[in-house]
Structures are given as structure tokens and as C-alpha cells.
Amino acid sequence: MPSVGTASHPLRVAIIGAGPAGFYAAGHLLGQSDLTVEVDLFDKLPTPHGLVRAGVAPDHQKIKNVTRVFDRIAALPGFRFFGNVCLGEHVTVDDLKRHYHQILYATGAQTDRSLGIPGEALDGSHSATEFVAWYNGHPEFKDRRFDLTQERVAVIGVGNVAIDVARILCRTPEELERTDIADYALDALRASRVREVFILGRRGPAQAKFTNAEIKELGELDGADVRVPPDEAELDPLSAAELENAPRSVVTNVEIVQDYARRPLSGKPKRLTIRFLVSPVEVLDDGTGHVGGLKLVRNRLIRGDDGSLRPQPTDTFETLPVGLVFRSVGYRGVPLPGVPFDDRRGIIPNDGGRILDDGRPVVGQYVAGWIKRGPTGVIGTNKADAVETVEHMLEDLREGRLLDPPEPSAEAVLHLIRSRRPCFFSYADWQRLDGIETTQGRQRGRPRVKLTCAEDMLAALGRTADCHVAGAE
Ligand code: NAP
């Protein structure tokens with residue numbers, strides 16, 4: 001193989017997944033001043049930016065400003081985006097091996113963890129990930145339906161996703177109208193009859209996973225009072241002892257929760273109740289196959305083998321009368337065709353981003369982001385994570401541990417994608433869509449009005465015909 005990484009033989013890298021980890025990896029690769037690199041970033045969705053578009057809550061617009069960083073990366077020489085192209089459907093790992101020296105998977109954690117309790121599959125019992133994807137206009141979730149005629153809703157888990165879901169359910173229509181929530185979700189939430197939302201933690205306030213800003217925001221909602229049962233805000237002796245050496249953020253979480261427990265209700269139309277030390281043991285059937293309630297067991301905390309405080313069920317049970325349940329107990333990665341997978345951990349097995357198969361590195365294949373480390377951390381966490389992987393990719397390049405593609409050509413890939421998936425979206429297409437969405441938003445006093453399916457996006461770009469002719473949709 002000639003020396004790879006020069007102007008005549010650029011290092012060619014395929015990245016699968018155009019979320020934060022994929023972009024940060026592309027940026028670090030293309031920022032190497034002594035190398036010529038070509039990066040093709042693929043995504044199964046027509047639009048880039050992963051969870052920044054489809055996961056970050058619509059009322060958290062500031063977090064979405066990170067897309068400006070992604071736009072700067074996309075403007076670097078050597079970058080291309082192929083949206084609406086799915087690995088395993090339109091291209092295979094073998095196709096990629098023909099054209100790239102290195103392949104990096106940054107596909108995130110696309111599904112949710114389940115609880116494994118009876119009744120979880122009843123109508124009205126959903127994962128938070130479905131609801132989040134739905135209200136954010138994710139094309140694969142736009143047709144989901146949630147029974148918002150129910151007045152009482154439970155959200156299981158006390159992480160930031162649970163907080164997002166509860167907050168969106170409690171926002172007033174006026175608050176939601178100022179966001180980029182999908183239009184259909186805005187209509188459904190306008191008509192919502194939800195009056196009471198319960199967030200359920202299986203451990204205590206000192207073990208909650210939410211962060212300070214997110215829990216504090218719940219106390220500032222226009223249309224909902226937040227409340228915590230005072231006895232559940234109190235720390236047990238083990239937690240109280242741990243708090244003395246806990247990080248400041250944990251202490252602040254506990255202070256905010258205890259402040260909520262002391263607050264009088266102010267008579268806002270909705271109520272958001274945060275409960276601790278309760279675990280769902282069964283989703284109850286109302287007799288028609290729909291959720292009719294949630295059976296909870298009260299927990300106490302004990303020291304686990306790993307030294308952490310774990311929930312232990314007592315023999316005290318109660319029934320929470322709710323008609324809609326969202327489980328928000330963590331995301332989970334899904335396997336990719338032709339790529340090793342650790343089913344227990346829900347990640348691609350790896351050593352610092354180098355994919356392992358039966359413990360041995362797979363030449364030329366890498367991983368970054370949630371599918372590498374599991375669903376933890378904020379958007380920025382993916383930068384250091386992606387840089388670690390790319391540093392290992394560069395080390396492997398220097399040491400000649402690369403794939404040996406027979407056709408390392410940007411032109412050949414374009415030809416392949418045009419033949420397999422004529423209705424792919426380039427970054428220039430995305431930038432036009434971005435302009436269309438934000439212009440429509442401005443006309444309605446909103447940050448943007450989202451297009452939520454590939455057909456509408458193609459039509460907005462005046463491109464319906466090319467897909468139709470190709471029969472690709
Ligand atoms: P998470 O932070 O891991 O929280 C999961 C929650 O589910 C925990 O409270 C956990 O309790 C609970 N849980 C797990 N298994 C359970 C079970 N069997 N029964 C009852 N409860 C159970 O996950 P996440 O909320 O999905 O968030 C994922 C990542 O995205 C996090 O890093 C989060 O900070 C980030 N995120 C950030 C923002 C933001 O910055 N605004 C917004 C959304 C998401 P235990 O602790 O007891 O296991």
C-alpha cells in the first residue's frame with residue numbers, strides 16, 4: 001500500500017452516525033495538519049446531528065447551538081455527508097471495506113432498557129425514548145400515539161431524560177409554542193388532559209442521576225407546581241453519611257429536592273410529584289389491555305457488594321392510579337450487521353475505541369460515543385471520547401494497521417450511493433432544509449418548524465422526482 005494520508009493517497013474514513021461523536025471524530029481527523037484525510041459521514045436519517053436534533057428537549061434551545069461547531073466541521077475540505085443512507089440496507093460493511101482505510105461506528109444507543117416487570121407491554125406503557133423521539137419529530141417515530149387523555153402519568157427513573165419527559169408533559173401550550181417541538185406533538189400536547197405527573201426514583205435524592213440545572217428548572221414551570229413528599233426527601237443514615245464527602249452537585253441536588261418538599265403548592269393547574277425509594281413491580285391492567293395503574297414497592301437502601309447504596313424492596317406496597325407510563329431507565333445500543341456486539345452491555349466491544357472481536361482488535365474498525373462507552377454523559381463528553389478513538393486510529397495509520405481497500409476513491413463512493421440510494425441528502429441539502437425550517441419558524445415566532453419525514457424534505461428541496469424515478473422510496 002502506498003503511503004496513506006498524502007495528497008495523492010488521502011486517508012479515507014467512513015463514519016457511521018452523524019451525531020455529536022461522529023462529528024467530533026470527523027473534526028479531529030480533518031484537523032490533522034500533516035495529513036490529507038477524506039471523511040464520509042453516513043446517517044440513516046436524512047438530517048445530521050443525531051440526538052441534538054432528535055433527543056435534546058425542544059425547550060432547551062441553547063444546547064442546540066453546538067450545531068454551529070458541527071457546521072464548521074462540515075465546511076472543512078475532505079468532509080462529505082450522506083444522509084438517508086442506512087448501513088445494512090443501502091451499504092454493507094463489505095462495501096465500506098472496498099473504499100475506506102478505516103471505518104468508525106458512532107451510532108449511539110438507539111433503543112431503551114426495559115424493566116422486566118409484568119404489564120410492561122400494555123397499551124399506554126411506553127419507553128421515554130419513543131416519546132422523546134416523537135416530540136422531537138424523528139421520522140421513524142412521528143406516527144406514534146400517546147394517550148394524552150389520561151390525567152395521571154408516571155415516569156420511571158430519575159435521570160435527565162425522565163426530567164425532560166415530565167417537564168414537556170407539564171409545560172403550558174404557550175411555553176411549548178416558543179420551542180421547535182414537532183407541530184403534531186404541539187397539537188397533541190395542546191389537547192392534553194394530563195394534570196398530574198409522577199417521577200419515580202428507586203433510590204433516594206442523594207443517588208438521583210439528574211443534574212442541578214435540570215432539577216431546578218422543574219421549580220420554575222409556568223403551569224405546574226412541583227412537590228416532593230417530605231418523608232421521601234429525608235436522607236437515610238447511610239446516604240446522610242455519604243453526603244458529607246459527596247461532590248457539590250450531589251449536595252445541591254439534595255438541597256433542591258428538600259426545598260421542593262417544604263414548598264407550599266401555589267395552585268398552578270398541573271402538579272409534578274417527585275417520589276423516592278419506590279420501585280414499580282407491575283403495570284396494572286384496567287381490564288381492557290390498557291394501563292390502569294402502577295403497583296409500587298417501597299425500598300430501603302443497603303450497601304451493595306460494589307460499595308454503592310442499592311435499593312432493597314420492603315414488604316410495603318401501594319398502587320399509583322395512573323393511565324400512562326413512561327419508563328426512563330436508560331438507553332441501550334443496538335447491534336449493527338457485520339459488527340461485533342456485547343449484548344450484555346449493549347455496546348460494541350472495544351479497547352479505547354479499537355473494536356475487539358473475541359478480545360482481538362479488528363483491523364481498521366473503530367467505535368465512538370454511546371455505542372462505545374454506554375449511554376452516559378452530556379454532548380460535550382463525546383468530544384474527548386471521539387478524540388481518544390481518533391488518536392488510536394492515527395497510531396494505527398502510522399504503524400500500517402489499516403484496511404487495504406481496492407477502490408479508495410471518493411468518486412466511486414458517490415457512484416455507489418447514487419445507484420443504491422438516489423434520494424440521499426448532502427450537507428448542502430441539510431443547510432437548505434435548515435434555512436427552510438428556520439424561516440418558517442421565524443414567521444411563527446418559533447426557532448424552527450421541523451420537517452419530519454424524508455418525503456417532505458425532498459419535496460421542500462424540489463427533489464421528489466429523482467427518488468420517484470429511481471423507485472427508491
Ligand atoms: P440515566 O442518567 O442513567 O438515568 C437512568 C435512571 O433510571 C436512574 O435514575 C436509574 O436509577 C433509573 N433506573 C435504572 N433501572 C431502573 C429500574 N429497574 N427501576 C427503576 N429505576 C431504574 O439515564 P438517562 O436519563 O436516560 O440519561 C442518559 C444520559 O443522557 C445521561 O448521561 C444524562 O445526563 C444525559 N442527558 C442529559 C440531558 C441534559 O443535559 N439536559 C438531557 C437528557 C439526557 P439508578 O441510579 O438507581 O440505577
| Among the lysines, which have Cα under 24 Å from the Cα of Lys295 when same-chain residues fewer than 8 positions away are ignored? | Lys209, Lys270
| said: With every protein chain left in place and a probe of 1.4 Å, what is the accessible surface of Val155, to the nearest 10 Å²? | reply: 0 Å²
| query | How large is ³J(HN,Hα), in whole Hz, for each residue of region 138-144 in order, when computed from phi with the Karplus curve 6.51 cos²θ - 1.76 cosθ + 1.60 and θ = phi - 60°, using x for Gly and Pro? | reply | 5, x, 7, 10, 5, 8, 5
| note | Of all trypsin sites (Lys or Arg not before Pro) in region 373-473, the ones in DSSP coil with at most 12 other Cβ atoms within 10 Å are Arg444
| task | Provide the FRET efficiency to the nearest 0.05 for the Glu391-His9 pair, computing r from the beta carbons and using R0 = 22 Å. | result | 0.55
| said: Quick check: the distance between the Cα centres of region 1-57 and region 74-111, to the nearest angstrom? | reply: 8 Å
| query | When the Cα centres of region 439-453 and region 167-195 are compared, how far apart do they sit, in Å? | reply | 15 Å
| request: Would you mind getting me the FRET efficiency between Ser33 and Arg401? Use the beta-carbon distance for r and R0 = 22 Å, nearest 0.05. | output: 0.50
| query | Amide H of Lys450: which non-local residues (sequence gap of 5 or more, or other chain) have their own amide H closer than 5 Å, using H built in the peptide plane? | reply | Asp183
| How much length is gained on full extension from Leu356 to Leu265, taking 0.36 nm per residue of separation minus their Cα-Cα distance? | 27.3 nm
| task | Enumerate the lysines that Lys44 could reach by cross-link, defined here as Cα to Cα under 16 Å, with residues fewer than 8 away along the same chain left out. | result | Lys142
| note | Expressed in nanometres to one decimal, the distance between label points 7 Å along Cα→Cβ at Ala428 and Ala460 is 1.9 nm
| query | So what is the calculated 222 nm ellipticity per residue for the chain, using -39500 (n - 2.57) for each DSSP H run with n of 4 or more, over all residues, to the nearest 500 deg cm²/dmol? | reply | -9500 deg cm²/dmol
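Skip the ligands, DNA and RNA, and give the accessible area per residue of the chain with a 1.4 Å probe, whole Å². Display every interim value, and only then the final one.
Numbers: 20420 Å² over 473 residues.
Using a 1.4 Å probe on heavy atoms only, each residue of the chain averages 43 Å².
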| remark: Counting only protein heavy atoms and leaving out ligands, DNA and RNA, the solvent-accessible surface of Asp43 at a 1.4 Å probe, in Å² to the nearest 10, equals 20 Å²
| Bridge type composition, region 218-307 - antiparallel percent by DSSP, nearest 5 | 65 percent
| What does the accessible area of Glu399 come to, in Å² to the nearest 10, when a probe of 1.4 Å is used? | 110 Å²
| said: Quick check: at a probe of 1.4 Å, how many percent of the accessible area of the chain sits on carbon and sulfur atoms? | reply: 50 percent
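How much FRET efficiency would the formula 1/(1 + (r/R0)^6) give for Val378 and Cys86, where r is the Cβ-Cβ distance and R0 is 45 Å, rounded to 0.05?
Details: r = 27 Å, r/R0 = 0.60.
Result of the calculation: an efficiency of 0.95.
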| task | Would you mind telling me the antiparallel percentage of the DSSP bridges in the chain, rounded to 5? | result | 40 percent
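The values are calculated or read from the model by the stated rules, or taken from the named source; none is laboratory data. Remember, predicted model here, so these are calculated numbers, not experimental data. As a convention, Cβ positions derive from the backbone with ideal geometry for all residues, glycine included, and neighbour counts pool all protein chains shown. These area figures cover heavy atoms from the full protein model, side chains too; ligands, DNA and RNA do not enter into them. Shrake-Rupley method; radii C 1.70, N 1.55, O 1.52, S 1.80 Å.
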